[in-house]
1. Between residue B:402 and residue B:242, take the C-beta separation as r, use R0 = 41 Å, and let me know the FRET efficiency to the nearest 0.05.
2. Any idea what diffusion coefficient the range B:341-436 gets from Stokes-Einstein, in µm²/s, Kirkwood Rh on alpha carbon pairs, 10 °C, 1.306 mPa s?
3. What percent of all Cα-Cα pairs in chain B falls in each 10 Å bin, counting up from 0?
4. Using a ≥ b ≥ c from the Cα gyration tensor of the range B:96-151 (square roots of the eigenvalues), is it rounded, prolate or oblate, where a/c under 1.5 gives rounded and otherwise the larger of a/b and b/c decides, a/b for prolate?
5. Across peptide A:78-90, what mean number of C-beta atoms from other chains lies inside 10 Å of a residue's C-beta?
6. For the range B:111-218, count the residues as N, evaluate 2.2 N^0.38 Å, and divide the Cα radius of gyration by that value, please.
7. Calculate the mean, over all residues of peptide B:521-532, of how many other protein chain Cβ atoms lie within 10 angstrom of the residue's Cβ.
8. Residues of the range A:133-164 with backbone nitrogen within less than 19 Å of a virtual label 7 Å along the Cα-to-Cβ line of residue A:72, please, listed as ranges.
């Protein structure tokens, strides 16, 4: 329909041109350039056709935000994302908890993984009972928050990362790009007025967060730790991406947990020097040579890593030679469950604690506390630093 | 139950046989000529290189819906496991990327992940298929490691030809073929249209519970997806003077694979279909000299473009309005994004000269330029490759005594590639003829396959119950092979038996290998958080060894039966980066025992009516895979019947049949390997109407080949 309108106006402009060029009279009519300008103005006013997919998509996000806007302030939770149902449920619960806690804020959730965003949307199959979950990427949410007709007065971005590492740095960069109007498509006046806040990851602070999380985890699992080892599996940053030395939080958490019991361990999937093999070495050094090993994801949600790397059936065990670690000391293609089982411990489906941290209300509360702290704290200066610590 | 079926069918065939009025019919008695093994013409039984032929007659009886259908049903050394990415063809254990497919001697163009698009070939337009197993790189260059499949298309020489063939079958299967041929003096034109469509099918709606969060019994993932493809091609030939034929041809092809989307984000949600656009142009000519001597020149250009056709809003890698890289470039339904555009320009000059009674020289030069555009799949967005080659081959024939003759074919190819410099590839085949009945053949040949631009420069992310990152490897070496075979052939009174043992020793095979995430560029790990990262690497070695046996018996003019069997064993050693040592691995998809068999009956009841029927079977033992389970063994039977009515210039032909008579379906959970993707029992019917006016030019036989045609496969 818009195209027809556009075409028609174009045609009108052409006819006008023809008429005026055929009249040589030195008359009082407005100039042809003036009319063309007016026509174009008219078209632009009535038919705001997005010039690219980028703009078209942004408009969809903006429209979605507009339809949901109830307050002047917004909280945007940012996670990597997952396509597991358990993860969807955990995010739903987290959103509800945030809404209950921050009653005068609109709460939204953002994925930073494009693949997870695409699959979670699944819009076309809504009729089949698929849930449409629009976990847009952070830049689109932020731009929508700044769009005409939305313009939240306060925006709080809450990182749902566990450690202040690489993913968290990306979150900061999104905010910085937004605050600096990097793409030049936002209203500078609005940007100078909006209050931007950033809620830090779960284990941001070694002095406060690490002991707080350790305390809550011990409250939850102290009985389990009496029965055997509770091995938490974090993600960790690959060595070359150990941004701000964030990996050390896992080690600090283990130390804080071991204040309660020597049965607590914290290993990772990607942190150099802290793979499951290293967890085993520390267990053995503490004299734990057998018994039960419970495994628990130390991630905001229990998705691919929790179900595959921790509790999957992958096992590279060789009957003759056992496991062979790679040069980094990790045994590849083997889940934690199979690894500890082969190493002589009681480790099986019954000792897998399939819970993401967002599913644990007391741990979720630590994130919520961070959001409170951000709201109560000073607005951060995104203009000058990529790391507003 | 099964035996009752067979008995009933056999009874039906025999009763038809007994009650029919016997009419002596003059069948064509054209000796089967093959060209693929040496690049020169030979009678099948005298071909110095063992060649398996699927003749026009067998093709006609089988009524295949596709090239895949007929290769699967009529040869035991080929297998398929059709999926999203292609047909997953294997020849004697080696995959499609080691099999060279030729159409009239020219290599087919365009692949996705090494899988050629077999839809480019109109099954109705195939005259015969020649299969030469083992390395043939001396003659054909890269890729000819497992073997060569040469599709010889029909040549239409009628004055005027109009043909329509429509085949319909279960699961919305539609095959359409239309051909119009005109010959006006020295110029002839043939226009071909083909369409292939299936609605696809789903053998199970249950996902493998070990790979999913909870039991899913209503998955939308199909076993074989719905697809449609069509192609128009045109060939013009011109004979300005006697012995010189010039041609120009072109084609355009379109294909879409439709992927259903379900409701489980981790399992069956899809946000795009796949679309392929293929175009080709070629021109050339053949100048026939004395006897069998000729010089030919062919120049051709091919383009195979692969797109995502989005069905839902999809964010993917791209560039934002400021030109910066973003993982969030949005596409909307009906948008398309180019994944890869492979373009190839080739020129081939070839000459065959009979130097003396004992020597026949086949020599030529090849120039090839490859260009790959893959904006988001190749580092830098594009890659180029240049290859030139010279080859020479001598066929040396001597008669050692009255009954014993020897033939040695020796060939050598010098290849020059931009990236890998020069390499020499030899081939030597020998044949000993003991009387008319027995032929003994031996071959040693080398094969090679240069890494594709994709394998060198790849960067791709796939989501399948977790993110998988695939990476190219610029350190790759060309893959090379040594092939040894020894075989015997016995021909007498319609009986043909061949037995061939072989060893194919492939070095530096390239395959995707799981590497530790720490070995991958850290920026990709941070960006995609892959469950596994796989990179192309050279396998240290892979040996396939086996025996192929084929028996064919033409009992009389009406009955013919055949059996082929392949035994295969593989011994692959792969470098395991986790353990930094060679480990024994299975070549995915291989089975120890495979067989196929057939019995056909054809009879002419009058000069206007003939009918035929065929019973076919094929089997495979368990197919082995490294992960996600082995494929179950299977046995599948097929019945095909045909009726042909001829009235003056018109021919009407009806074909109907039942495939997979006993309704075998492998319902292994989705996500695990299947032995076969057959949907179970299917029925089909084909109606072909053909109008032909003017003299059909028969095969221009050369006296040299007519000397010994009595017992050969006839067409």
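Read-outs: derived from the displayed coordinates by stated rules, not from any lab. No experiment lies behind these values; they were computed from the predicted model shown. Neighbour counts are summed over all protein chains in view; Cβ atoms, including those assigned to glycine, are modelled from backbone coordinates with ideal geometry.
1. In this case the efficiency is close to 0.60.
2. 98 µm²/s
3. Taking every Cα pair in chain B, the percentages come to 3, 14, 24, 28, 20, 9, 3, 0, 0.
4. Numbers: a/c = 2.06, a/b = 1.23, b/c = 1.67.
Because a/c hits 1.5 or more and a/b fails to exceed b/c, the range B:96-151 counts as oblate.
5. For peptide A:78-90, the averaged partner shielding equals 3.
6. 1.60
7. 5
8. Flagged as within label range: A:145-157.
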